[in-house]
Amino acid sequence: MYGAPAAVHPVTLRAHLAVVAAAVLFGTTFFVVKDAVAEAQPIPFLAARFLIAAAVLFPFARRSGRLPSETGVLRAGVLCGLALAAGYVFQTVGLQYTSSSVSAFITYLLVVIVPVLSAVILRRVPGPAVITGVVLATAGLFLLTGGGLSGIHKGELLTIGCAVAFAIHIVLLADLAPRFNTARLNAVQLLAVGAVLLVPGFFTGGYAFPAKAWLAAVYTAVAASAIAFALQVWGQRRVGPTRTSLLLMIEPVAAAVIGVITGDHLGWKGAAGAALILAGIAAAELGPMLRPRSRMLVDG
């Protein structure tokens, strides 16, 4: 008797879709931010973005109810926020010394770093399907961004710091998110990012943004920082850190697709890279689901 593959629980499916939606929303901000930082300095722009996002989320956090395990939500949110702030600062400063394609490739080395950190810190060793997915997705991202790593210099070192910080953020969420209310944890972490960057922002350009940059700050605050991070935090509680990092690889694919729509040319390397990223995600996602059927075929 062959049997059928185990059905995917509706909540698990929704969690996967939540992370995918977060990745797409993150991808839509690429061109918005690129235009905005041409008129506003990165650090004050990030501070404004995250403080607006926190202000948007706090009313929902206040109405979300209190959980018995929520006494440490402030500490957890600050811890996650510090990792997130470090990642954005490393990435933004690093872009001043390296190309955007090299920065994107190094940043998404986090998909390799997350399983290593999970294995070391959380003792969650990824299975063969996930490892295969990581390899395919990393190779795909190399093609998508054009590759071309020609040496490790100041910009590359800073962006490696970004990848490590973002990977730490994902691993921290994997450990902390299940313990706390999603809205409260997300609001605190976003407030922590904005608070950390607020004062440095006054000394790195100030907050006299033109209207276009403020509109960009509001859009990225609501679409990416508030909604997308809320979806990521909620979804990752049920998906896990390694799969979350893989699903977030859809972000550069979404940015590439938007680029094509707005007039950029992806090219054969970019198209091949996008296909490999999707293949890697499929391998990591479908492998564990097909395993029960494979065992039944062997046993039968």
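The values are calculated or read from the model by the stated rules, or taken from the named source; none is laboratory data. Remember, it's a predicted structure, so these values are computed and weren't measured experimentally. Counting neighbours? That spans all protein chains shown, and the Cβs are built from the backbone with ideal geometry, glycine included.
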query = Considering only segment 110-137, how many residues are surrounded by fewer than 20 Cβ atoms within 10 Å (Cβ to Cβ) and modelled with pLDDT under 80?
reply = 11
query = What about I168, is it hydrophobic (A, V, I, L, M, F, W, C) and at pLDDT below 85?
reply = no
Conditions (1) crowded, with 21+ Cβ neighbours inside 10 Å; (2) over 17 Å from the mean Cα position of the chain (by Cα); (3) at pLDDT below 85; number of the one not met by T159 = (2)
inquiry  = So, in segment 107-126, how many residues would count as being assigned to a helix (DSSP H, G or I) and in contact with a Pro (Cβ under 6 Å, 6 or more places away or on another chain)?
reply    = 3
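So that you can scan it fast, the table gives a plain yes or no per residue for (1) among the aliphatic types (A, V, I, L, M); (2) free of Cβ contacts under 8 Å to residues at least 24 places away in the same chain; (3) in a loop (DSSP other than H, G, I, E, B):
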| residue | (1), (2), (3) |
| --- | --- |
| G133 | no, no, no |
| L141 | yes, no, no |
| D175 | no, no, no |
| G194 | no, no, no |
| L197 | yes, no, no |
| P200 | no, no, no |
| A208 | yes, yes, yes |
| A213 | yes, no, no |
| I227 | yes, no, no |
